[in-house]
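Below: the structure, in structure tokens.
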Amino acid sequence: WAFAPCIAVPQDERWGRTYEGFGETPELAVSLGAAEVRGLQGTFTPWSVVACAKHFVADGGTTWGTGTQKTDLDQGDALITEEQVRRIHLPGYRAAVRAGVGTVMPSYSLINGLRNHANTKLLTGVLKTELGFDGFVISDYLAIEQIDSTDYSASVAAAVNAGADMAMEPGRHRDFVTTLVALVKSGDVPQARVDDAVR
């Protein structure tokens, strides 16, 4: 399993992760992202691995001054229109899904104030339904607890209900499992959502 390709389309060269993307145009993300998916997941047994298109979506479009990690851009807020998301940041993911990418990782960042890990419209509505992605969504490292740093239970519910299928919570894995079980028992996370994630 490789956490690649990174399909960011960097729009501000001051972003410290600009080097992770293929370039500032969606056309590069489309052609090179899909090619990397095919290369990683190819038929070169035993060398093939599952690819992970990341960081869904618009991590390269964050607005200066909105960074959440003591920087001005990183893990910030993409204050952009839906048209800009679809024209600039989404095409590479559409191409990766068409190329058969097995996993997708949401971005730490936000779009217009909503963290991508908690964005049901993006993860379930756009990625899984509109684009037809049938692999699984893996959360980024410790990203779930960033949704609401004061309420871990609400963060877990938001991420799972939005469409996260696997949680990368290495320091709180027991906490995550206990919390998710309680959320299912209370009805805050439907059993069907867990069944879908497992499936």
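Which value, in nm² and rounded to one decimal, describes the direction-averaged projected area of the C-alpha convex hull of region 7-66?
4.4 nm²
Need one word for region 156-199: rounded, prolate or oblate. Basis is the Cα gyration tensor (sqrt eigenvalues a ≥ b ≥ c); a/c below 1.5 gives rounded, then a/b vs b/c decides.
oblate
With only Lys, Arg, Asp and Glu charged, each at its Cβ (+1 for the first two, -1 for the last two), find how big the charge dipole of the chain is about the Cα centre; round to the nearest 20 debye. Write down the numbers at each step before the final one.
Numbers: 17 positive and 24 negative charges, 88 e Å.
With only Lys, Arg, Asp and Glu charged at Cβ, the dipole is about 420 debye.
State to the nearest 20 debye the size of the charge dipole of region 130-190 about its Cα centre, where the only charges are +1 on K and R beta carbons and -1 on D and E beta carbons. Please list the in-between numbers first.
On the way: 3 positive and 10 negative charges, 54 e Å.
With only Lys, Arg, Asp and Glu charged at Cβ, the dipole is about 260 debye.
Report the longest stretch of the chain that contains none of the chymotrypsin sites (Phe, Trp or Tyr not before Pro) sitting in a DSSP loop with at most 14 other Cβ atoms within 10 Å.
On the way: sites that count: W1, F44, W47, W64, Y141.
After excluding every exposed loop site, the longest remaining stretch is 65-140.
So, with a 1.4 angstrom probe, what is the percent of accessible area on region 120-166 that is carbon and sulfur?
Numbers: 1020 of 1890 Å².
It is 54 percent, rounded to a whole number.
Put +1 on the Cβ of each Lys and Arg and -1 on the Cβ of each Asp and Glu in the chain; which of A162, W47, I111 then has its Cα farthest toward the positive end of the dipole?
W47
Report the net charge of residues surrounding A154, where surrounding means a beta-carbon distance below 10 angstrom and charges are Lys +1, Arg +1, Asp -1, Glu -1. Can you show the working numbers first?
Values: positive: none; negative: D148, D151, D188.
In short, -3.
Run the numbers on the chain and let me know its relative contact order in percent, using alpha-carbon pairs under 8 Å that are six or more apart. Let's see the in-between values first.
On the way: 396 pairs, mean separation 33.5, N = 199.
Dividing the mean separation by the residue count of the chain yields 17 percent.
Write out the trypsin sites (Lys or Arg not before Pro) in region 53-113 meeting two conditions: DSSP loop, and at most 10 other Cβ atoms within 10 Å of their Cβ.
On the way: sites: K54, K70, R86, R87, R94, R98; in loops: K70.
Sites meeting the loop and neighbour criteria: K70.
Just one of [x] 88, 32, 30; [y] 45, 45, 30; [z] 60, 42, 33 is Cα extents along the principal axes in Å calculated from these coordinates, so which is it?
[y]
Using a 1.4 Å probe on the protein chains only, how many percent of the accessible area of region 27-84 belongs to carbon and sulfur? Before the final figure, lay out the partial values.
Numbers: 1820 of 2990 Å².
That share works out to 61 percent.
What residues have an amide H closer than 5 Å to that of V57, excluding those fewer than 5 places away on the same chain, when H is modeled at 1.01 Å from N in the peptide plane?
S107
In Å², what does the accessible area per residue of the chain work out to with a 1.4 Å probe?
48 Å²
The values are calculated or read from the model by the stated rules, or taken from the named source; none is laboratory data. Please read all numbers here as calculations on a predicted model, not as lab measurements. Note: ideal-geometry Cβ built from the backbone for every residue, glycine included; neighbour counts use all protein chains shown. Note: accessible area is taken over every heavy atom of the protein model, side chains too, but ligands, DNA and RNA are not part of it. Shrake-Rupley method; radii C 1.70, N 1.55, O 1.52, S 1.80 Å.
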